[in-house]
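Enquirer: Before I ask anything, let me first share the structure, which is written out below as structure tokens.
The values are calculated or read from the model by the stated rules, or taken from the named source; none is laboratory data. None of the values given here were measured: they were computed from a predicted structure. Virtual Cβ from ideal backbone geometry, glycine too; neighbours counted across all protein chains shown. Remember, those area values only see protein heavy atoms, side chains included, never the ligands or the DNA or RNA. Shrake-Rupley method; radii C 1.70, N 1.55, O 1.52, S 1.80 Å.
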Amino acid sequence: MERKVSRIYLASEPDIIHFLQVAWEKTLGSGFVITLTDGQSAWTGTVCESEISQEADDMAMEKEKYVDELRKALVSGAGPTDTYKFNFSKESCHFSFEKNLKDVSFRLGSFNLEKVANPAEVIRELICHCLDTIAENQAKNEHLQKENERLLRDWNDVQGRFEKSVSAKEALETDLYKRFILVLNEKKAKIRSLHKLLNEVQELEKNIEHKKESPTCSEMTTDRDAIYDESTDEESEIPPNPSVLSPATVRRDDSIISSPDVTDIAPTRKRRQRMQKNLGTEPKMASQEHRLQEKENPLIFQMWRDLYREE
């Protein structure tokens with residue numbers, strides 16, 4: 001059986017402390033036993049479930065709500081001391097209680113009690129129950145204190161582990177950051193080397209294109225030089241014009257020229273000057289021409305050389 005002892009003050013005797021005990025088997029709504037004492041006398045009574053239901057109907061309240069109000073008034077002692085008002089008449093042994101709501105109060109319940117013939121026994125039971133409750137509460141407090149100490153040790157252990165985890169996390173982040181910086185620097189260096197290699201490849205391609213264009217220009221220049229050389233060779237092979245010969249040369253070599261077997265190859269002064277100029281630039285060509293003329297007609301070549309010396 002569950003019991004609950006509380007201290008109350010009666011409206012008729014506010015200076016005297018009364019003790020109220022409520023005991024029930026299953027629930028408070030299934031019925032309970034109420035005991036009231038002032039330390040000298042005792043009164044007791046049993047409230048059945050039907051009486052509780054009747055009181056709830058009289059107050060037009062649901063049974064659950066009414067039982068909750070009974071618990072607050074008789075068991076829990078919830079709310080301020082002036083919230084509930086208790087009345088007891090020793091002559092009629094009628095016990096009642098009310099709830100105050102501002103300026104209005106309404107009756108929660110009333111029960112008829114009987115005076116106990118041996119109040120000392122009832123008071124003894126109350127004292128024993130209070131002592132048992134105190135011992136039980138002390139044991140619970142000791143258990144809760146030990147549990148709190150254990151939880152405090154666990155909390156300190158968890159806090160130490162947490163601090164170690166934070167330190168390890170910070171060290172790991174620092175190490176990862178350093179490694180990231182190294183990897184980033186390597187990537188940057190690789191990117192710079194790739195850019196440099198790309199620039200070198202592009203410059204090499206430009207040089208190759210420039211070299212491809214340069215041979216074309218050199219070939220064109222070589223062709224023009226070849227054409228010029230050919231025109232010069234042809235000009236050197238053109239026989240001199242006899243009309244430009246000087247009169248002295250014509251008079252001096254009149255006998256030779258009038259001969260039908262001699263070919264007029266005497267050069268003019270301009271021809272000799274051009275040949276002298278060409279001797280410095282093209283000595284090989286002049287020497288070859290002289291050798292050819294000497295081979296063809298040695299006599300004419302000898303006469304031409306003598307004329308050249310006299311002039």
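Enquirer: Tally time: how many residues in the range 1-26 are in contact (Cβ under 8 Å) with a residue 40 or more places away in the chain and surrounded by 12 or more Cβ atoms within 10 Å (Cβ to Cβ)?
Expert: The number of residues fulfilling the criteria is 13.
Enquirer: Please enumerate the residues belonging to the range 110-165 that are touching a strand residue (DSSP E or B) at 6+ places or on another chain (Cβ under 7 Å) and of a type outside the set (D, E, K, R).
Expert: Start the filter on the range 110-165 by keeping residues that are touching a strand residue (DSSP E or B) at 6+ places or on another chain (Cβ under 7 Å), which leaves 110-116, 119, 122-123, 126, 129-130.
Hits for the range 110-165 are 110, 111, 112, 113, 116, 119, 122, 123, 126, 129, 130.
Enquirer: Filter the range 27-54 for residues that are modelled with pLDDT of 85 or more, polar (S, T, N, Q) and open to solvent by less than 60 Å² (accessible area, probe 1.4 Å); which is nearest to residue 114 (Cα to Cα)?
Expert: Here the answer is 44.
Enquirer: Would you check which residues across the range 15-71 are of a type in the set (D, E, K, R) and touching a Gly at 6+ places or on another chain (Cβ under 6 Å) and list them? First the steps, then the outcome.
Expert: Of all residues in the range 15-71, those of a type in the set (D, E, K, R) come to 15, 25-26, 38, 49, 51, 55, 57-58, 62-65, 68-69, 71.
Result: 49, 55.
Enquirer: With the condition kept exactly as written, say whether any residue in the range 55-62 is without any contact (Cβ under 8 Å) to a residue 12 or more places away in the chain, of a type in the set (A, V, I, L, M, F, W, C) and either touching a strand residue (DSSP E or B) at 6+ places or on another chain (Cβ under 8 Å) or under 14 Å from residue 7 (Cα atoms) (or both). Spell out the reasoning first.
Expert: So the first thing to find is which residues in the range 55-62 are without any contact (Cβ under 8 Å) to a residue 12 or more places away in the chain, and the list is 56-58, 60-62.
Keeping just the survivors that are of a type in the set (A, V, I, L, M, F, W, C) gives 56, 60-61.
Filter once more, so that each one left must be either touching a strand residue (DSSP E or B) at 6+ places or on another chain (Cβ under 8 Å) or under 14 Å from residue 7 (Cα atoms) (or both): none.
Within the range 55-62, none of the residues are without any contact (Cβ under 8 Å) to a residue 12 or more places away in the chain, of a type in the set (A, V, I, L, M, F, W, C) and either touching a strand residue (DSSP E or B) at 6+ places or on another chain (Cβ under 8 Å) or under 14 Å from residue 7 (Cα atoms) (or both).
Enquirer: It is to be established whether one or more residues within the range 21-44 are part of a loop (DSSP other than H, G, I, E, B), small (Gly, Ala, Ser) and under 20 Å from residue 133 (Cβ atoms).
Expert: yes
Enquirer: Which of the following residues is open to solvent by less than 70 Å² (accessible area, probe 1.4 Å) and among the acidic types (Asp, Glu): 57, 103, 154? Before the answer, list the steps.
Expert: On the way: 57 fails: open to solvent by less than 70 Å² (accessible area, probe 1.4 Å); 103 fails: open to solvent by less than 70 Å² (accessible area, probe 1.4 Å).
When all the criteria are applied, what remains is 154.
Enquirer: Mind listing just one residue for me: the one in the range 118-153 that is under 12 Å from residue 37 (Cβ atoms) and among the acidic types (Asp, Glu) and, of those, farthest from the chain's Cα centre (by Cα)?
Expert: The extreme case among them is 121.
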